[in-house]
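Single-structure report; data block below.
The values are calculated or read from the model by the stated rules, or taken from the named source; none is laboratory data. Fair warning: this is a prediction, and the values are worked out from it, not measured in the lab. Cβ atoms come from the backbone with ideal geometry, glycine included; neighbour counts cover every protein chain shown.
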Amino acid sequence: MDPSHTPTSNGSDQHVLANLTSRWHRGVPWDDGMNEVSIEIPEFLIQLLRHNNPPTVEDVRLCQGYQDSLEGPLLSVQNRIQSILTQIAELQVKLQKLESERLGYDKQFFACEVACSPIRRLPQEIVQEIAAHLIIPRHNLLSARDSLVSMSHVCTGWRKALTSMPRLWARFGIETVKIARPHYQAQLEKAVLEYSARSHPFPLDIRISLADLEMPSTRHERSHQFLLWLICDWTSVDRVRQLHITSFRLLDILSEELRDPANFTSLERLALVSGRSTRPSMFRQFSENTDWGNLFMNAPKLQRLSVDNKTGEYFQGMHFPFHQITHLFLGSSLSFGSWTTLLSKLSALKLGWFSLHNEVPSTNVVWENHLLQHLTITLEDYEVYLLCANFIHDGYLPDMSHAEFVIPSSRAWYSRGSSVPSTPGVPLRHLSLFFNEESPVENILAILRNSPEVRTLELGLSASQWGRLLIDLKLNEQVHDEQVLPMLDTLVIQASVPTDTLSWKGTYFEGKICNELVEMVQSRTMPAGTRSTPLHTLYLLVVQHPDYQALVDDAETTLSSYREAGLSLVMRNLSESLEESRYHSCLDADWDIILPALPASYIPPKNNGPWI
């Protein structure tokens with residue numbers, strides 16, 4: 001190649017080379033990552049890099065000479081770097097040792113803080129209350145035990161506090177689904193013994209759950225073996241005060257295998273609920289030979305009994321100690337005749353919850369129940385109500401003061417007459433009516449007009465129906481003899497909308513208090529001396545209202561003057577209706593919900609303090 005010839009190169013190469021030589025010539029860093037190093041290039045080397053011509057012999061000699069002159073400084077720098085790296089390695093070893101020492105001191109320092117921490121100085125009573133609020137009541141026994149054990153690992157003081165609190169260990173659940181594993185059954189028996197020992201001498205509240213599967217299996221065999229041990233061999237069974245069993249199938253098995261009643265000498269509350277089934281079409285059915293009431297014949301303190309549905313008409317033939325039952329919830333639907341026959345056995349009954357369907361009543365009812373005070377009945381149609389009203393009117397329940405009727409479907413009520421018996425022979429002081437669907441107002445008013453002694457009314461209606469009812473509830477002293485509920489002093493209004501829409505638009509409680517309610521309150525908050533009783537308490541309950549706070553704000557303004565006159569206003573936005581809450585409470589044999597408790601949105605009379 002001709003030395004004078006300059007090879008061509010593309011524009012990109014020329015641009016890169018020009019930029020590179022320019023940076024070298026200015027003594028700028030080699031690249032952007034070496035900002036602390038500057039490189040000086042000799043002029044002859046820069047000139048060689050500016051073109052692509054092959055270097056001459058002289059150029060090669062100059063480059064080699066310059067390269068040889070760099071070996072000494074380069075070796076010196078490398079040696080110095082190696083020396084520094086050696087020192088760094090030695091320092092890192094020392095640093096690691098110091099870090100280990102520091103961690104040791106940190107642990108000792110933290111141990112001192114833990115030893116003196118406020119949580120370890122909490123009084124035993126506070127620790128026990130914390131545990132009581134954190135542990136889920138009636139939770140699966142082993143799961144709840146794990147939570148208690150975890151809390152007991154905080155410190156020795158906490159463990160002593162937890163293990164010395166009998167109330168904490170007196171309520172537990174037993175999930176028998178997993179008993180198919182042999183080690184689980186032994187572990188469960190051990191846990192039951194531990195709970196019963198730590199809860200002594202407190203009475204026990206136990207919940208036993210098992211799916212009511214239709215086919216026998218090893219799981220069921222072990223489950224009923226465990227329950228046999230629990231009832232026959234467990235020494236603390238006589239301390240069981242409340243028992244909740246979710247398995248009718250196991251009750252059948254136990255009733256067949258046990259010759260003598262279980263020793264439930266302390267049992268006061270019993271709830272029997274059907275379990276879930278994987279194949280509902282093959283759900284175990286009851287027969288006339290099914291009688292697990294014998295299991296509880298030796299329960300002299302049993303007073304509260306709740307039985308889920310699927311027992312049908314056979315319940316009254318079982319050998320429960322009916323004569324001592326004071327509270328009975330029966331989920332299965334009974335004919336009116338079977339109901340009256342059952343009532344004749346419940347001589348001590350005070351509160352009852354039943355579901356009735358229509359049937360011509362028996363004509364040979366000759367008994368009286370002088371203890372029944374609270375009766376809740378789920379009705380299929382208006383005719384069943386007429387049967388019940390006549391039954392009360394005839395004086396078979398002379399001491400009953402609270403009647404509650406739940407009407408799940410109102411379609412049959414439209415085809416029935418509105419005639420009701422005259423004023424009942426037994427004056428009701430507390431009447432509850434809950435309609436799950438829109439109902440004929442004429443029938444509702446007929447019921448109210450024939451209950452003039454009622455002082456407390458609970459009325460659950462669709463939010464779109466309240467206008468007409470509130471107008472008819474207004475008092476007019478000029479026509480006193482035609483008044484609806486002239487003795488009313490406590491009114492519970494429950495408004496709801498269909499659960500499939502939850503639309504309050506266009507209803508009487510959409511976002512403010514309706515005028516009909518204000519006018520009704522005005523007519524009933526009268527000064528003393530009139531022939532009617534003034535209204536002193538108003539409950540306004542709405543179910544899942546999306547704009548509840550606006551309703552509360554409007555109530556504070558609209559009803560302010562009536563609060564000054566002594567009216568107490570209770571407002572509450574319910575997650576479920578009042579009758580549903582009572583249903584679940586009675587199903588668990590609790591029977592705790594009678595009137596709604598005062599919630600946060602409680603507006604007392606002004607002379608009793610501020611609105612909270």
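Go through segment 112-123 and report how many residues are modelled with pLDDT under 85 and assigned to a helix (DSSP H, G or I).
Selection size over segment 112-123: 7.
What are the residues in segment 62-98 that are small (Gly, Ala, Ser) and within 18 Å of Ile41 (Cβ to Cβ), if any?
Gly65, Ser69 - these are the residues of segment 62-98 that are small (Gly, Ala, Ser) and within 18 Å of Ile41 (Cβ to Cβ).
Residue-wise test of (1) at pLDDT below 80; (2) surrounded by 17 or more Cβ atoms within 10 Å (Cβ to Cβ); (3) over 26 Å from Gln324 (Cα atoms).
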position: Glu214; (1), (2), (3): yes, no, yes
position: Thr218; (1), (2), (3): yes, no, yes
position: Ile231; (1), (2), (3): no, yes, no
position: Ile253; (1), (2), (3): yes, yes, no
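Take the residues of segment 415-460 that are among the aliphatic types (A, V, I, L, M) and under 23 Å from Glu576 (Cα atoms): which is modelled with the lowest pLDDT?
Going through the qualifying residues, I end up with Ile444.
Name the residue, out of Leu541, Leu491, Leu551, Leu535, that is buried (at least 20 other Cβ atoms within 10 Å of the Cβ) and over 21 Å from His402 (Cβ atoms).
Result: Leu551 is the single residue among Leu541, Leu491, Leu551, Leu535 that is buried (at least 20 other Cβ atoms within 10 Å of the Cβ) and over 21 Å from His402 (Cβ atoms).
Out of Leu342, Leu328, Leu305, Leu372, report the one residue that is assigned to a loop (DSSP other than H, G, I, E, B) and modelled with pLDDT of 85 or more.
Going through Leu342, Leu328, Leu305, Leu372 in turn, just one is assigned to a loop (DSSP other than H, G, I, E, B) and modelled with pLDDT of 85 or more: Leu372.
Which members of segment 430-472 meet the condition of being touching a residue at least 60 places away in the same chain (Cβ under 8 Å), within 23 Å of Leu372 (Cβ to Cβ) and among the hydrophobic types (A, V, I, L, M, F, W, C)?
Answer for segment 430-472, where residues must be touching a residue at least 60 places away in the same chain (Cβ under 8 Å), within 23 Å of Leu372 (Cβ to Cβ) and among the hydrophobic types (A, V, I, L, M, F, W, C): Phe434, Ile447.
State all residues of segment 481-518 that are of a type in the set (Ser, Thr, Tyr) and farther than 28 Å from Val454 by Cβ; if no residue qualifies, say none.
Thr499, Thr501, Ser503
Taking Leu559, is it more than 23 Å from Glu453 (Cβ to Cβ) and out of contact with any Ser or Thr (no Cβ under 6 Å at 6 or more places or on another chain)?
Yes.
On the basis of being surrounded by 20 or more Cβ atoms within 10 Å (Cβ to Cβ) and touching a strand residue (DSSP E or B) at 6+ places or on another chain (Cβ under 8 Å), does Leu574 make the cut?
So Leu574 fails the test.
Can you spot a residue in segment 457-464 that is polar (S, T, N, Q) and under 16 Å from Gln544 (Cβ atoms)?
Yes, segment 457-464 contains a residue that is polar (S, T, N, Q) and under 16 Å from Gln544 (Cβ atoms).
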